[in-house]
Amino acid sequence: MDEQRQRLLRQLPAVEELLLYFQEHPYPQAFPRPLLTKAIRRVLTDYRQQLLESPAAVLPARLSETELIKRVEDVVEELQQPCLRRVVNATGVIIHTNLGRSPLPGAAIQQMLEVAGHYSNLEYNLGEGRRGSRHDHLEKLLRELTGAEAALIVNNNAGAVLLMLNTLAQGREVIVSRGQLVEIGGSFRMPDVMRASGAILREVGTTNKTHLFDYEQAISSETALLLKVHTSNFRITGFTKEVPLADLVALGEKYHLPVAEDLGSGCFLDLSRHGIDREPSVLEALSQKVNLVVFSGDKLLGGPQAGIALGNRQYVEQLKRNPLTRALRPDKLTLAGLEATLRLYRDEQEAVQAIPTLRMITKPLAAINRQALNLARRLRRRLPPPFRVNLWPSIARVGGGALPQVELPSRALSLEHPDWPPHRLEQALRQAQPPIIARLEQQRLLLDLRTIMPEDEPLVVAVLAEILAPEA
């Protein structure tokens, strides 16, 4: 090892020396000693590795104590950052699974805070003064909104499907169209969920066409359930056919078999009234006399993550008695947030305005254009040339495996700076505080205004100013 490298390695202070420095020069924010020790060790290890591996020609004459202290402070701040944190969604994908799906309405957030910070009647019947059930809290409201006989909430829709199949069809056959064997996010496939439930999959029809006689010919003494799965995250077009739910229900009645539908994204409204392609709704499924319908609470419904099962009382009660229900049950925060969200559906107009997901889906292009012009003006005032911001036509998506063919016209801001290639600026925004998740498209960096909430706009301006101002 050369002499210069050895000299620099000897200059590295001991852990205790740096701990003493921070004790004598307190940082504005107090650092817990174990965290500070971890940061110091990490920085010293990195320095040592760097000195050992760097070419002799680029080694410094001496170590910079100021740089060393700054790196320790940076690592401590990094270690204290929450792992799960707020981001600004500028992608144009509304129900973005990677970004937490649907942001909650204010009423849901308020109710969750109220329940989180205090005791609650989660499993206590206030009227009778004795133990109650968490499953009772939302059942009356869901019956009111949908007309269903009974309801059950679990932790997510995959859990609802698993519970339904395990309860009604363990060890027996479930008949489902081959064209409906969907794969949902994270490579979870419907056949895998069915196997895990203990049910036996019986595929019928072909990928593009399934007829009623396909189901009828497959019915045997081993059949426990007829299942329809809404292909919410893809569409097969062209030479296709699927059996209407009403026909499947009639077939189930003929052979005394329950019929269930997995809607995936639970929609309570007729979105066609707002200029959006028609999506099968929960109320429509129940009007077809289906025995059970299951769907998500955190997609088109706009609430917290949950799985909701609605339908005939006899089948919902069977689900409640399954021991798996305890493993899949929701916590008090989910129930509080979901209840507050569902209450908004008593008035459709209030729901559309108060639930962020519905508001973003139905927002007129003219309103988005005004928002884009306003944000562009603010950015131009804060960031002078050579930074350039221009309005750009954009197509937003619903996301979350819902309405895959719907293209929502939108407006985006195209950001340009001669010293910042689009991919480098995208990375800087992604690593900012708070992170801003943008979209790279045709060598352009775009911020789509359909998913940027009004309260996020000052953050966008401040983050870009911090990133670009020194070089503007």
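Details
- Cα gyration tensor, segment 259-329 - rounded (a/c under 1.5), prolate or oblate: oblate
- Our estimate of slack between Gln318 and Arg380, defined as 0.36 nm per intervening residue step minus the Cα-Cα distance, is 16.2 nm.
- Between segment 1-72 and segment 294-351, the alpha-carbon center distance in angstrom: 53
- Rg and Dmax over the alpha-carbon atoms of the chain stand at 28.1, 91 Å.
- Segment 367-440 shape via C-alpha gyration tensor axes, a/c threshold 1.5: oblate
- Theoretical ellipticity at 222 nm over the chain - DSSP helices of four or more residues, -39500 (n - 2.57) apiece, nearest 500: -12500 deg cm²/dmol
- Shape category assigned to segment 94-193 from the gyration tensor of Cα positions, a/c cut at 1.5: oblate
- Globularity index of segment 1-64 is 1.29 (Cα radius of gyration / 2.2 N^0.38 Å, N = number of residues).
- Most to least packed among 75-85, 257-267 [average Cβ atoms within 10 Å]: 257-267, 75-85
- Residue (of Tyr119, Ala90, Ile153) at the positive-pole extreme of segment 61-163, dipole from beta-carbon charges: Ile153
- Additional length obtainable on full extension of the chain from Arg42 to His256, 0.36 nm per residue less Cα span: 70.4 nm
- Net charge over other residues, Cβ less than 10 angstrom from the Cβ of Val115 (K, R count +1; D, E count -1): -2
- Packing-based ranking, highest mean first, of 310-323, 123-136 given that Cβ atoms within 10 Å are counted: 310-323, 123-136
- Angle in degrees between helix 157-169 and the longest Cα principal axis of the chain, rounded to the nearest 10: 30
- Accessible surface, per residue, of segment 317-457 when the full set of protein chains is kept, probe 1.4 Å, Å²: 47
- Relative packing of peptides 392-404, 190-202, 37-49 - highest average C-beta neighbours within 10 Å first: 392-404, 190-202, 37-49
- In this calculation the C-beta distance from Ala367 to Leu141 is compared with R0 = 25 Å, giving a FRET efficiency of 0.20.
- Net +/- balance of residues flanking Ser272 in space, Cβ distance below 14 Å, scoring K and R +1, D and E -1: -3
- Relative contact order of the chain: 19 percent, from C-alpha pairs under 8 Å at least 6 residues apart in sequence.
The values are calculated or read from the model by the stated rules, or taken from the named source; none is laboratory data. Treat the numbers as computed from the prediction; the structure is a model and nothing was measured. With ideal geometry, Cβ positions are generated from the backbone for all residues, glycine too; neighbour counts draw on all protein chains shown. SASA here: full protein model, heavy atoms, side chains in, ligands and nucleic acids out. Shrake-Rupley method; radii C 1.70, N 1.55, O 1.52, S 1.80 Å.
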